[in-house]
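These notes concern the structure reproduced below.
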Amino acid sequence: NAGVMQNPRHLVRRRGQEARLRCSPMKGHSHVYWYRQLPEEGLKFMVYLQKENIIDESGMPKERFSAEFPKEGPSILRIQQVVRGDSAAYFCASSPPTGPAFFGQGTRLTVV
Amino acid sequence: LAKTTQPISMDSYEGQEVNITCSHNNIATNDYITWYQQFPSQGPRFIIQGYKTKVTNEVASLFIPADRKSSTLSLPRVSLSDTAVYYCLVGDGERNDKIIFGKGTRLHILP
């Protein structure tokens, strides 16, 4: 059973471009969580999704950021018109309806 | 969501047993206690989860007193590679909800 897969591992975007981060949950997991982490800081919750539904997006900026978890395929975190301040590590986790969540290795986004 | 409090940092030496205590005074009846480990530039790694008394796996033990207002993660015979940030989280075990991380405990193992 493969773990949570995130890709790409590293992503470089110029200011104003779009960034798409993908997360494939573990097999059998229907819940996905996205987090952002700056160097030497903690994990900041962004959004919690179940298949085809956003359950809680209270940690996600209202503008430029969106997330989806379609019926088929990976969860996508999309950042439009990236700015330097979006540079961070973005982690995805997945879980079954009950039980602990497991994290991927993250996508390191650099905006130049 | 129950708030947790843990030491900001701890130092220990190789070969020692390390105990990290987490306070969660307003833990709810359905809440489970979960610990994660995070190395720099990596995603958090699940260590252990428990509800009451004691849970042990190949990596650690988790001690939870009867009142469940605190818990202690015990790492036996630590090595340099155990240097990491350790997070204690409390959440509903009946259904998953958003997971909020605190600042964690930065454990530094010395040779």
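Checked against (1) in contact (Cβ under 8 Å) with a residue 12 or more places away in the chain; (2) within 22 Å of B:ASP92 (Cα to Cα), A:LYS71 passes all but a single condition, namely (2). A residue that is at negative phi, among the small types (Gly, Ala, Ser), crowded, with 19+ Cβ neighbours inside 10 Å and touching a helix residue (DSSP H, G or I) at 6+ places or on another chain (Cβ under 8 Å) can be found somewhere in the range A:19-28.
For the range B:1-22, the tally of residues that are farther than 24 Å from B:LEU110 by Cα and surrounded by 16 or more Cβ atoms within 10 Å (Cβ to Cβ) stands at 2.
Taken over the range A:1-30, the criterion of being within 19 Å of A:VAL83 (Cβ to Cβ), part of a loop (DSSP other than H, G, I, E, B) and either of a type outside the set (Asp, Glu) or facing another protein chain (nearest Cβ under 10 Å) (or both) is satisfied by A:ARG14, A:ARG15, A:GLY16, A:GLN17. Once the range B:77-111 is narrowed to residues that are surrounded by 16 or more Cβ atoms within 10 Å (Cβ to Cβ) and touching a helix residue (DSSP H, G or I) at 6+ places or on another chain (Cβ under 8 Å), the residue that is farthest from A:THR98 (Cα to Cα) is B:ILE109. In this structure, B:PHE39 does satisfy being closer than 23 Å to A:VAL32 by Cβ and surrounded by fewer than 15 Cβ atoms within 10 Å (Cβ to Cβ).
Read the figures in this text as sums done on the coordinates, not as results from a lab. The structure displayed is predicted, hence computed values, not measured ones. Backbone-built Cβ (ideal geometry, glycine too); neighbour counts: all protein chains shown.
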